[in-house]
Amino acid sequence: MNDVSYKSISEINSELPLVLIDFDHTIVDTDKMRLWMFDRIDKLGFTKEDIAKTYENAKNVDGSYSLEIHLKLLCDITHKNLDEASKKVFMELCPVQDTVYTDARKFIMNKSSDYNLLIFTLAEQKTQEARIDCSRLMNFIRGIVFTQIKKSQVLNKGIHKINDNIIFDVFPNLEFKKIILIDDHPREFEDLDPKLLSILDLFRLRREGDKYSTLETPQGIKEITSFNDLNL
Ligand SMILES: [Mg+2]
C-alpha cells in the first residue's frame, strides 16, 4: 500500500487486540491548537503575506484546512526546515500536550500494556509526527499508521479475515483476534465495506460540543461520548 506508511515505536504483540485510534479531535483538541497556531505562526518568522498566500492551498483531501500542510507550504516557499519549524510550533508556541483530552490520555496511559495501541492518521506526515511526539504519548503507543488516502479505503483494501483471525496488511505476517477502530468523524465509517462491520470493532467518538458532534453516527456503529465509555 503506497499511500500508507508505518512508524514502529515498539513491538506489536499479536496475542493482544490492535486498537487504531484517530489523532485529531479524538486524542487532541485540534481546534484549540489551531487557534493558538494562527495567533503565533508569525513568531516563526513567516510574513503575513506568505501566510495568506499559502492559506488557500493548505487543505486536506476532503477540502478542510490543514495546519500541517500549511506549515509545509510555508517552509517550502521560505526554505525553512520543516522538522525544526514543526517542533518549535508544537512544543513551544502551541504545546500539543496541553490539547490532549484528559480521558484520551488516561485511556492511552492505562491500556498501553493490554492492547497494541496505534495512532491511525490522515495528515502530512512530518508535521503530524512532530505533533504526536509533542503530545508526550509516544511511550504508550506501539506505532503510527500514516495514510494519505481515506482511512475507510485503507481498511477496505487492507483488512482480511482468515478463519477466526484478522489480518491488517500493514502487518502482513501477524494475525489478530480483534481489531478496534476509534474515530470522531462519521465519514471514516460511512464508506466502509459492509463486511468489515462484523469483522472490526468500530467506535465513533462523539464528544459533546466538539467540531463534528452534530453529525449523526452511521447505523451499526457504536457511539461513545468519551474514552471513559469504552468497553472493550
Ligand atoms: Mg479526527
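Every condition in (1) crowded, with 20+ Cβ neighbours inside 10 Å; (2) more than 16 Å from the ligand (Cβ to nearest atom); (3) modelled with pLDDT of 95 or more is met by K177 except one, and the failing one is (1). Exactly one residue out of I51, I41, I12 is surrounded by 12 or more Cβ atoms within 10 Å (Cβ to Cβ) and either assigned to a strand (DSSP E or B) or at pLDDT 90 or above (or both): that is I12. Of the set (1) assigned by TED's automatic domain parsing to the domain that holds L205; (2) of a type in the set (G, A, S); (3) farther than 30 Å from K177 by Cα, all apply to A58 but (1). Quick check on region 82-91. Is at least one of its residues of a type outside the set (D, E) and modelled with pLDDT of 90 or more? Yes, region 82-91 has at least one match. Checked against (1) in the same structural domain as T47 (by TED's automatic domain parsing); (2) crowded, with 22+ Cβ neighbours inside 10 Å; (3) not charged (D, E, K, R), F120 passes all but condition (1).
Among the residues of region 140-147, is there at least one that is assigned by TED's automatic domain parsing to the domain that holds E216, away from the ligand (no atom under 15 Å from the Cβ), under 13 Å from the mean Cα position of the chain (by Cα) and modelled with pLDDT of 95 or more? Within region 140-147, one or more residues are assigned by TED's automatic domain parsing to the domain that holds E216, away from the ligand (no atom under 15 Å from the Cβ), under 13 Å from the mean Cα position of the chain (by Cα) and modelled with pLDDT of 95 or more.
The values are calculated or read from the model by the stated rules, or taken from the named source; none is laboratory data. Everything numeric in this text was worked out from a predicted model, so none of it was measured. As a convention, Cβ positions derive from the backbone with ideal geometry for all residues, glycine included, and neighbour counts pool all protein chains shown.
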